[in-house]
Amino acid sequence: MTETVRLFIAIELPDPVRASLNGTIASLRPARIDSLRTVKPENLHLTLQFLGTTAADRVDAVKWALAVPSTAAQPFELRLAEPGVFPTEHRARVLWAGLDGDLHGLNELQRAIGTSLAELGFEGDASFSPHITLARLRDRASRDDRMKASRTLLHTPRHDASFTVTSVSLMRSTLRRTGAEYDRLARFPLGSDASG
């Protein structure tokens, strides 16, 4: 049986940004919504592309595919923006923090990575919407819980933070009973030949 890994491409966040986002997440707790699963601070990140279950022997090819667009890109600035929910307040499934700043640079990087990975047969995300997931509602969540979670998030004071994106990471996601655990397989500095 072929060994597999669950992969995604992400921008990792600096500790001060994670701390700001954790402040927003903490504001959801007093609402006491049992069906709400918040993201652990160490797991907060910006997903550029989810690759899913991938044969382990393809990891090196993925690394090569990421090296080229990363080298071609330059560092850019992002900042946290207004929070939101997917798909709507009444049917909220994902609670997230928005992003502002050099969204053109972010979108160009995401597109370039998608194009490079498409050559390996990975399907890109044509509807990329930059956000950082803060929490998810379980399928069994009631309409009232979904509305309560949405209203609590949308009325929470925003925690401002900005950061410079200087690298892209190839991440492995391991599903455990306690939730997903992420670890970095490789890091690709923007505008640099270094990787690893």
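Considering every residue within region 93-100, establish whether at least one is in contact with a strand residue (DSSP E or B) (Cβ under 6 Å, 6 or more places away or on another chain) and either closer than 13 Å to Val168 by Cα or among the small types (Gly, Ala, Ser) (or both). Yes: one or more hits.
In region 165-174, what residues are farther than 16 Å from Ala56 by Cα and among the aliphatic types (A, V, I, L, M)? Result: Val165, Val168.
Here is the figure for region 22-75: residues that are assigned to a helix (DSSP H, G or I) and charged (D, E, K, R) total 6. Checked against the criteria, Ala141 counts as in contact with an Asp or Glu (Cβ under 9 Å, 6 or more places away or on another chain), under 19 Å from Leu28 (Cα atoms), of a type outside the set (Lys, Arg) and in contact (Cβ under 8 Å) with a residue 40 or more places away in the chain.
Any read-out appearing in this document is the output of simple, stated calculations on the displayed coordinates, not a laboratory observation. All values reported here derive from a predicted model rather than from experimental measurement. Note that we place each Cβ from the backbone using ideal geometry, even for glycine, and neighbour counts take in every protein chain shown.
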